[in-house]
1. Report in % the part of the accessible area of segment B:100-229 that belongs to carbon and sulfur, leaving out ligands and nucleic acids; probe 1.4 Å.
2. Give me a single rounded figure for A:106-114: the average over its residues of other chain Cβ atoms within 10 Å of their Cβ.
3. Once the Cα atoms of helix A:148-160 and of chain A are each reduced to a long axis, what angle between those two axes, in degrees from 0 to 90 to the nearest 10, is obtained?
4. Suppose we keep just the DSSP beta bridges with both residues in the protein assembly as shown; what percent of those would be antiparallel, to 5?
5. List the accessible area buried at the contact between B and A, summed over both sides and calculated with a 1.4 Å probe, in Å² to the nearest 100.
6. Using a 10 Å cut-off on Cβ atoms, rank the peptides A:6-17, B:305-316 from the highest mean neighbour count down.
7. Could you work out, residue by residue across B:304-315, how many beta carbons of other chains sit within 10 Å of that residue's beta carbon, and then give the average as an integer?
8. Report the Stokes-Einstein translational diffusion coefficient (µm² s⁻¹, integer) for segment B:337-402, Rh taken as the Kirkwood radius over Cα pairs, at 25 °C with viscosity 0.890 mPa s.
Amino acid sequence: MTKPLINLNEINKCYQVGDQPLQVLNNIKLNIDSGEYISIMGPSGSGKSTLLNMIGLLDRPDSGQLIIDDIPTHALEEEQRAKVRRNNIGFIFQNFQLIPRLTAEENAALPMMLAGIDIKIRKQRVAELFSQLGIEQRLHHLPKQLSGGQLQRVAIARAMVMSPKILLADEPTGNLDQRSGWDVIDVLESLNTEGITLLVVTHDLQLGQRAARQLAMVDGKISEDCTKGEGHDQAS
Amino acid sequence: MIKLVDRWQFSLKVMAMYPGRTLVLVLAVAIGVSSVLLLTSIGEGARLYINKEFNSIGSDLLIVLPGKKQTSGGSLPFYSTTPRELTWRDALAIKQLSNVEFVAPINAGTALVSAGNLSREVITIGSTSDFLIVRKLVLAKGRGFYHSEQQRIRHEAIIGSKLKKSLFGDARAVGQWLNIADRRYRVVGVLKERGESLGLDMRDMAIIPISSAESLFNSTALFRIIVSLKQKSREEVTKQQIINLIKQRHDGEEDITIVSQNAMMDAFNNITQVVTIAIGVIAGISLLVAGFLIMNVSYISVVKRKAEIGLLKAIGASSNEVQLLFLQESSVLTIIGAVLGVTLGYALVFTSNAFIPYFSLAIPLWSTLTTLIVAVLISIGFTWFPAKKASSLDPVIAMRGN
């Protein structure tokens with residue numbers, strides 16, 4: 001039996017809201033294998049984005065272990081976590097999160113710039129990705145000159161530029177019209193087909209049901225963990 | 001780790017994105033830097049001016065003063081009280097010493113000098129033919145005193161260019177008569193135009209033979225004796241010889257002070273350097289003001305760019321990287337401002353020197369280097385806390401822009 005790419009073991013996270021503690025992740029146990037396509041669904045406040053941020057090392061658990069690609073990330077210092085994030089994880093956000101003063105090419109190449117990679121290699125890699133994503137004509141455009149679908153493709157290029165093992169998408173179609181949304185999902189699914197592990201947080205049931213494995217969250221717990229075409233499992 | 005060239009480009013893009021902010025900060029630094037340079041250049045200019053004045057009369061001079069002073073260096077006492085006067089005879093004895101080349105005894109006072117209806121009260125110096133030599137004074141017209149003229153009272157005078165202009169206008173002065181107090185003197189020479197020399201305006205002065213001055217001022221007491229040495233290397237020995245000689249002539253009492261020109265120059269240099277540093281530090285306050293401005297603008301920048309900071313952290317920038325990016329931004333701004341300030345400072349000094357050639361300003365190299373370093377340190381120091389704040393932001397919260 002192969003080791004999971006991502007292993008969450010008894011992960012807990014609690015926020016203080018006023019005087020009251022709010023348990024946003026409650027004893028989460030989850031294994032994700034390499035190359036899986038998972039959707040995480042659930043009502044607002046159920047903890048799905050927090051779970052995604054936890055896996056993306058943007059947040060630290062209060063307790064529990066999070067192992068990514070054999071690295072016990074819960075024990076890492078800030079600098080090391082940033083390195084793991086940069087090299088292993090790609091993020092796609094609902095509102096694209098592009099820097100307005102940078103061109104599409106520069107935005108997409110940002111993680112490589114942070115890694116200190118030479119500009120020639122950066123340009124080559126971004127050109128490849130833009131060509132793959134059908135936006136090769138938009139390299140030198142500023143974000144304000146691009147449509148929503150194009151912006152999200154630039155964001156996907158940025159997420160993919162370091163060839164990560166894991167792609168995390170938080171409501172990737174949330175700010176797009178339906179057609180652009182489906183186009184973006186098609187792109188993400190094709191990347192998953194090529195072997196990347198894809199986790200998508202969504203409110204959209206139709207979109208969530210396209211994933212091979214579907215997680216449902218309620219009150220900080222994974223209430224359902226089912227695989228497409230199979231029955232629902234009650235999860236931890 | 002981000003490459004330095006990428007940091008620079010990233011910073012330049014931020015600056016281009018906010019041109020108004022950039023302009024204000026660059027100008028603030030530039031004004032601060034140029035203020036420091038300009039003010040230190042005035043101090044340095046004063047120091048060089050004093051050095052030039054000293055050097056113009058040679059560096060091999062000793063000044064013998066009546067009265068014993070316990071300290072050496074610093075400014076000379078204008079008047080002093082002493083039981084025994086320094087006299088012309090003392091000066092003649094000093095001249096016999098082997099390392100002494102010229103000796104100019106000075107008997108000085110102020111007197112009303114007049115020619116026709118015109119008169120001026122000026123400093124009148126009684127001395128010998130050596131006076132023009134040791135003070136490196138050059139005659140524009142006429143001649144100096146003959147050696148023999150010192151020995152007896154001769155009513156002859158050499159006058160400065162300004163005094164000549166006041167009394168005789170453009171007419172010829174040599175050969176004309178003038179009155180100093182109630183005595184008549186014939187003008188035998190006019191000094192070439194020259195500015196102040198060691199605080200004395202040589203242009204507005206009359207020089208008469210020492211014997212005539214003794215008679216005019218009714219005193220044989222010398223104001224001082226200027227001694228020119230043959231060999232500068234034997235200065236200390238000669239000083240001691242003069243002290244011994246005068247002590248012997250003054251009944252065993254050591255009642256003179258000898259100041260070397262170098263000691264005076266060093267004292268002036270020390271004073272002007274301290275003054276230059278002091279005014280540089282005062283001008284440095286403007287750099288502090290620029291620093292506060294940078295700090296405030298950096299705080300605003302952190303608030304406005306929260307989402308960007310969150311994103312950078314989300315895609316793999318460490319807290320240190322984020323902090324470095326902000327520090328780099330302010331450093332780039334400061335370096336551009338400082339380069340502009342240095343250019344501005346040098347341009348102002350260049351312009352001033354072109355219009356006021358007799359008092360040249362000079363920016364000392366240490367001032368330029370120190371100002372640049374201080375400007376960058378101030379910028380880093382004042383951006384430290386905003387940059388720290390940026391680096392400590394939670395990426396998830398920051399990306400929401402809250």
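The values are calculated or read from the model by the stated rules, or taken from the named source; none is laboratory data. Nothing here was measured: the structure is a model prediction, and the numbers come from that model. Positions of Cβ are generated from backbone atoms using ideal geometry, with glycine treated the same way; all protein chains shown enter the neighbour counts. Note: areas computed on protein heavy atoms with side chains; ligands, DNA, RNA excluded. Shrake-Rupley method; radii C 1.70, N 1.55, O 1.52, S 1.80 Å.
1. Values: 2630 of 5470 Å².
Within segment B:100-229, the accessible surface is 48 percent carbon and sulfur.
2. Values: counts 4, 2, 0, 1, 7, 5, 3, 10, 12.
Rounded to a whole number, the mean comes out at 5.
3. Approximately 80 degrees, to the nearest ten.
4. On the way: 62 of 88 bridges.
Taking every DSSP beta bridge within the protein assembly as shown, about 70 percent pair in antiparallel fashion.
5. Values: alone 19620 and 11670 Å², together 28940 Å².
What B and A bury together is about 2400 Å².
6. Working: A:6-17: 16.6, B:305-316: 24.0.
Highest mean packing first, the order is B:305-316, A:6-17.
7. Working: counts 0, 1, 0, 5, 6, 0, 3, 10, 7, 6, 13, 18.
Per-residue shielding by partner chains comes out at 6.
8. Working: Rh = 15.2 Å.
The Stokes-Einstein estimate is 162 µm²/s.
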